[in-house]
Amino acid sequence: VFNAKTAELLSHHQVEIQQKFPKEGWVEQDPKEILKSVYECVERTCEKLQQLNIDITNIKAIGVSNQRETTVVWDKITGEPLYNAIVWLDLRTQSTVERLLKRIPGNNKSFFKFRTGLPLSTYFSAVKLRWLLDNVEEIRQAVDNGRAMFGTIDSWLIWCLTGGKNGGVHCTDVTNASRTMLFNIHSLDWDPELCQFFDIPMEILPKVRSSSEIYGLMVCFLKSGALTGVPISGCLGDQSAALVGQMCFQDGQAKNTYGTGCFLLCNTGQKSVFSEHGLLTTIAYKLGRDKPVCYALEGSVAIAGAVVRWLRDNLGIVKTSQEIEKLAAEVGTSYGCYFVPAFSGLYAPYWEPSARGIICGLTQFTNKNHIAFAALEAVCFQTREILDAMNKDCGIPLSQLQVDGGMTNNKVLMQLQSDILCIPVVKPSMPETTALGAAMAAGAAEGVGIWSLNPGDLTAVTCERFEPQINPEESEYRYARWKKAVMKSMGWETSEAPSNGKPD
């Protein structure tokens, strides 16, 4: 919860959501658990506000921000999900992608790029939805019976929060729609030809709205009933929300968010810029029904914070995510060890699904501290690759990088990032910029009007700056070694191989 006048964070609560890995490369979440976590966060945040003697009837609008591309199909009669949510970095759709590619002239991954801004990849919602329709009988039946609804997490939440099976609103916003591969980013509508190509029935799709307008009213679920009738009036995919929360409203302003993955977005204003260097063209925001749409160039890295989670949960090198900073700080170098965390293939700028994670340059001297350092360095090198691509596409090199997200609390990481980019890294003292962006969109909506987005009215944010501390030659040397490691990670997986070494 934010103060609409000062953008100050008044109260917040967070809950970690379980990821499920039913098979290698599969990543799922339970849509009901996601919904329950939202209820819990709202409940607890309101309790904290009351402890601060802030009247919760002062909450005038609600914004939604979500992981994009994650795909849910549910039954509109029962309100129940028909399968777990398939998470954005899930890889099960690789064979679906290969099958679809065969139907494209010259097997061209970028065939739909000028319509969607995206390459054909396991990453986007259309192929996840295609997989669900091909593999889950319940979903096929629900579609045949006219009971199925598709949405990314924002649609699922808004539908549930505005009444669900009793009149819930089935909608999404342009930023989330632009990540499905079914949406034309110029006409700002679902594209019948794309729906036909993926063989997806258009009646299951949500209605597309702007990122800042009243979608519906909150149906009460709090013990106190205090939020009944409050408008849900902001909706932005998490990376767009962070761009708004970082106040990147001018052409050429960019931010990098360090979450599970890493996402660098550069505002290109009202013109869609198409990348020659492996970046995506995406919708940045449309802050009102009658407001212009703004576009962004985006570089997406699948694994950032997830590498720390992996060191914690899979290898047991650290017990908490915070410990990695301590381990890395103790050695201050990876001692020639390089880590390419291509657990889900490589995203931008390579779009290489056959890559897999590797750790190389190991010697008898290497210990867990060096691996921890190499993991943090990997996040920074991946960002550097995207920034290089962005500088080539935009022609104006960034003079500093604005950053946000959970991992930015790690000072070793932030210093490393500045060293590897050779430019200052600037972090707002309030890291919850994604939530702030959704709140700004909600508060600025027509009919709510409690938040001004005029540049003159936006409060200056206090920041922490990290300046480069190593010489550029050393930075370039380490980056070149990293590129060598990336080359070694590619072409590892072929879809012909029998799984688990056993014949099918």
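The values are calculated or read from the model by the stated rules, or taken from the named source; none is laboratory data. Computed from a predicted model, the values in this text were never measured in an experiment. With ideal geometry, Cβ positions are generated from the backbone for all residues, glycine too; neighbour counts draw on all protein chains shown. With ligands, DNA and RNA removed, areas are computed over all heavy atoms of the protein, side chains included. Shrake-Rupley method; radii C 1.70, N 1.55, O 1.52, S 1.80 Å.
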If we ask which residues in the stretch 123-132 are in contact (Cβ under 8 Å) with a residue 60 or more places away in the chain, part of a helix (DSSP H, G or I) and open to solvent by less than 10 Å² (accessible area, probe 1.4 Å), their number turns out to be 4
Only one of Cys41, Cys46 that is outside any loop (DSSP other than H, G, I, E, B), open to solvent by less than 40 Å² (accessible area, probe 1.4 Å) and free of Cβ contacts under 8 Å to residues at least 40 places away in the same chain | Cys41
Between residues in the stretch 54-76 that are closer than 19 Å to Ala302 by Cβ and modelled with pLDDT of 95 or more and residues that are open to solvent by 10 Å² or more (accessible area, probe 1.4 Å) and among the acidic types (Asp, Glu), which pairs lie under 9 Å by C-beta distance while being six or more apart or on different chains?
-> Asn66/Asp238
Those strands (runs of 3 or more DSSP E) lying entirely in the stretch 195-285 with at least 1 residues out of contact with any helix residue (DSSP H, G or I) (no Cβ under 6 Å at 6 or more places or on another chain) and within 26 Å of Ala348 (Cα to Cα) = 254-258, 262-269, 280-285
Every listed condition ((1) open to solvent by less than 30 Å² (accessible area, probe 1.4 Å); (2) under 22 Å from the mean Cα position of the chain (by Cα); (3) hydroxyl-bearing (Ser, Thr, Tyr)) holds for Tyr83 save (1)
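Within the stretch 86-120, track down each residue that is among the hydroxyl-bearing types (Ser, Thr, Tyr), buried (at least 16 other Cβ atoms within 10 Å of the Cβ) and in contact (Cβ under 8 Å) with a residue 60 or more places away in the chain.
Within the stretch 86-120, just Thr116 meets the criteria.
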Residues (open to solvent by less than 10 Å² (accessible area, probe 1.4 Å) and either assigned to a loop (DSSP other than H, G, I, E, B) or on the phi > 0 side of the Ramachandran plot (or both)) located in the stretch 165-190 = Ser178, Arg179, Thr180, Met181, Leu182, Ile185
Among the residues of the stretch 394-403, is any assigned by the TED database to the domain that holds Pro468 and within 17 Å of Leu311 (Cβ to Cβ)?
-> no
Among Val403, Val340, Val412, Val318, the single one that is open to solvent by 20 Å² or more (accessible area, probe 1.4 Å) and touching a residue at least 40 places away in the same chain (Cβ under 8 Å) is Val412
Pairing a residue in the stretch 469-481 that is open to solvent by 60 Å² or more (accessible area, probe 1.4 Å) with any residue that is in a loop (DSSP other than H, G, I, E, B), where Cβ atoms lie under 6 Å and the two sit 6 or more apart in sequence or on different chains, gives Pro472/Cys422
Kindly check whether there is at least one residue in the stretch 380-389 that is within 25 Å of Cys463 (Cβ to Cβ) and open to solvent by 40 Å² or more (accessible area, probe 1.4 Å).
-> yes
Counted residues, the stretch 314-354 - those being farther than 16 Å from Ala304 by Cβ, assigned to a loop (DSSP other than H, G, I, E, B) and small (Gly, Ala, Ser) | 5
